[in-house]
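Down below is the structure, laid out as C-alpha cells.
The values are calculated or read from the model by the stated rules, or taken from the named source; none is laboratory data. Keep in mind it's a predicted model, so treat the numbers as computed, not measured. Don't worry about glycine lacking a Cβ; one is built from the backbone with ideal geometry, like all the others, and counts go over all protein chains shown.
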Amino acid sequence: MPGLTPILMTVMALVALIFFGVVFYASRYKRCPSDMILVIYGKVGEGQSAQCVHGGGKFVWPIIQDYRYMSLTPMTIPISLKSALSKQNIRIDVPSAFTVGISTEEGVMTNAAERLLGLAPREIEQMAGEIIFGQLRLTVASLTIEEINQDRERFLEAIRQNVEPELNKIGLYLINVNITDITDESTYIESIGKKAAATAVNQAKVDVAEQTKMGAIGESAAVREREIRVAENIAEAEKGKKKAQADQRVYVQQQEASAVKGEKEAEAGQRIYVQQQEASAVKGEKQAEADRRVYVQQQEAQAIKGENIAKASIADADAELAMKQAEALQRGEVAKRKAQAEIQKAEYSAELERLNAEKVVQQEIAKRMTEIAADAEAEKRRRVAKGEADAILLKYQAEAEGLRKVLQAKGQGYQTLVQSCAGDAKAAATLLMIEKIEDIVARQVEAIQNLKIDKITVWDSGAANAEGGSSTANFLSSFIRSLPPLQDISKMAGVELPEYLGKMTDAGKAPAEPPTSGQQ
C-alpha cells in the first residue's frame, strides 16, 4: 500500500487545482444587472477601446482586462432658458426639464464608455445641461412665437431633432422633454391669448344667435305644419260628411223607386182595390212627395250651411296661418339683424384688439431697436474715445521716450566732449559755440536779406571827413558795424572765443588782423 501514496497525492493535487480553477473562473465571471452596463476595458479586441455588455455576463481576463459599471438610472436636468431670441426677434423665457439617460444602443453605448466612464452623475448632468442649453436656444431661434406656443408637438419634435444627436455623441439619449411655461418680456403671448379668448367668446355669441334663429324658424315651421294638418283634417271630415249625405240621398231615391214599383205592381194585381183606394193613394202619394221634397230641401240647406261654415273655417285658418308666418318671419328677421349686429360688434372688438396688439408689438420692437442702437452708439463712442485716449497717451509716451533718448544721447555726447577737453567744461562750451557760428552768421545774413529797401540815396559833397573818408564810405561802414559782432554774441552766451578768431579793442574798433604765417 505504500506505493499508492504518490498516486493519491497526485489525484488530490489535481482535484485541488481543478477546484481552485473553478473558483478563479467564477470570480472573474462578471454578471451585468438590468439597470447597469458592464464596461470591460484593456485588451478587448482590435480597434476597440472598450467592450460594453447590457444583460448577461462576461469573463474578464486578469491582468490584461478590467471592468467597471455604468448606471442606467435616468437623470432629470432642469433648464432655465431666459431671454432667448425667437425667429421674430422677441425674447422669451422657456423653463423646461429634460430627462436623459445612458443609451443601450451599440454605437451610443460605446460613446458613453469612452466619454462618461468614471464620471459622477453630477458631472454628467452638468455636461448634458450645457449641450441641451445651447441646442434649445438654437431651436427657439428657428421658430416663431405662434409655432412655439400653439404647436407644442412640433416644438418638442424640433427640440428632440436638435438635442438628441448631440447627446448621442457623449453616449446619452433623450427620454422626455417637459416645457412648464413659456413667457416673454413684451407680453406678446398674453396678447395672443386675449385675442383667442375674445375670438372664442364672439364665436360663441354668434353660435347662440344662430341657434336661437334656427329655433325660432323651426318653431314657426312646426306651428305652420300643425295648422296645415288641422285644416287638412277638417277638410277631410267635411268631405266625408258630404259623401255620407250623398249616399243617404241615393238610398232614399232607391227606396222611393222601390216603393213606387211596389205600388204599381199592387195596383196591377189589385186594380179593383186600387180603383177603390185611388183617391186615398193619390192623396198619400202627394203627401209623401211633399214630405220627401221638404226633407230633401232641408238636407240641401244643411249641406250648404255646412259647406259655408267649412269655407269660413278654412279662410280663418288661412288668415291665422298667414299671420303666424308673418310673425315668424318678423322674429326671424329681427333675430338675424340682432345676430348681424352682434357679429359686427365682435368683429370690431377683434379688429380693435388685433390693431392694439400689433401697435404694442411695433412700439415694443421700435423701443428695443432704439435701445440697441443707443447702446451700440454709446459703446462705439466709448471705444473711439478710449482708442483716441490710448493713441494720445502712446504719442506722448513715444515723444517723451524720444526726448529722453535725445537728451540722454546729448548728455553722453557732452560728457564725451568734456572728457576730450581734459575735463574743461568751458573749453567744451567754446567748441560747441564754434560749431554754431556758421548758423549765427547765416541768421544775420537772413536778417539783412529780408530788409525791404527799394533805394538808398546818399548825398555826398565829396569832402573828406576828419578820419579821411567820404560820407558814403562812412555810411557803409556804420551800416555794417550796426550788426552785433561775434565776440559780443559769444559773451552773451558766457563763452570767450579764441584770439585767432579776432579780438575787440577797448575803443570799439575792428579787431586786429590775425598774424600771417610770415610774421612773428
Given the conditions (1) outside the structural domain of ALA200 (by TED's automatic domain parsing); (2) surrounded by 13 or more Cβ atoms within 10 Å (Cβ to Cβ); (3) β-branched (Val, Ile, Thr), and given that VAL361 satisfies all but one, which numbered condition is not satisfied? (1)
Quick check on the stretch 98-116. Is at least one of its residues among the hydroxyl-bearing types (Ser, Thr, Tyr), modelled with pLDDT of 90 or more and either surrounded by 18 or more Cβ atoms within 10 Å (Cβ to Cβ) or not assigned by TED's automatic domain parsing to the domain that holds GLY47 (or both)? yes
Residues of the stretch 118-170 being in a helix (DSSP H, G or I) and among the β-branched types (Val, Ile, Thr), in sequence order, are ILE124, ILE131, ILE132, THR139, VAL140, ILE145, ILE148, ILE159, VAL163
Do we find that ALA350 is farther than 20 Å from ALA200 by Cβ and of a type outside the set (S, T, N, Q) in this structure? no
Counting only strands (runs of 3 or more DSSP E) wholly inside the stretch 1-117, the ones holding at least 3 residues that are touching a residue at least 24 places away in the same chain (Cβ under 8 Å) and touching a Pro at 6+ places or on another chain (Cβ under 7 Å) are 91-102
Got a sec? Which of ILE79, ILE64 is in contact with a Gly (Cβ under 7 Å, 6 or more places away or on another chain) and in the same structural domain as GLY134 (by TED's automatic domain parsing)? ILE79
Give the residues of the stretch 132-147 that are closer than 23 Å to VAL361 by Cα and small (Gly, Ala, Ser), sorted by residue number. ALA141, SER142
Any residue in the stretch 169-190 that is exposed (fewer than 15 other Cβ atoms within 10 Å of the Cβ) and modelled with pLDDT under 75? yes
Could you tell me whether the stretch 295-313 includes any residue that is among the hydroxyl-bearing types (Ser, Thr, Tyr) and under 36 Å from the mean Cα position of the chain (by Cα)? no
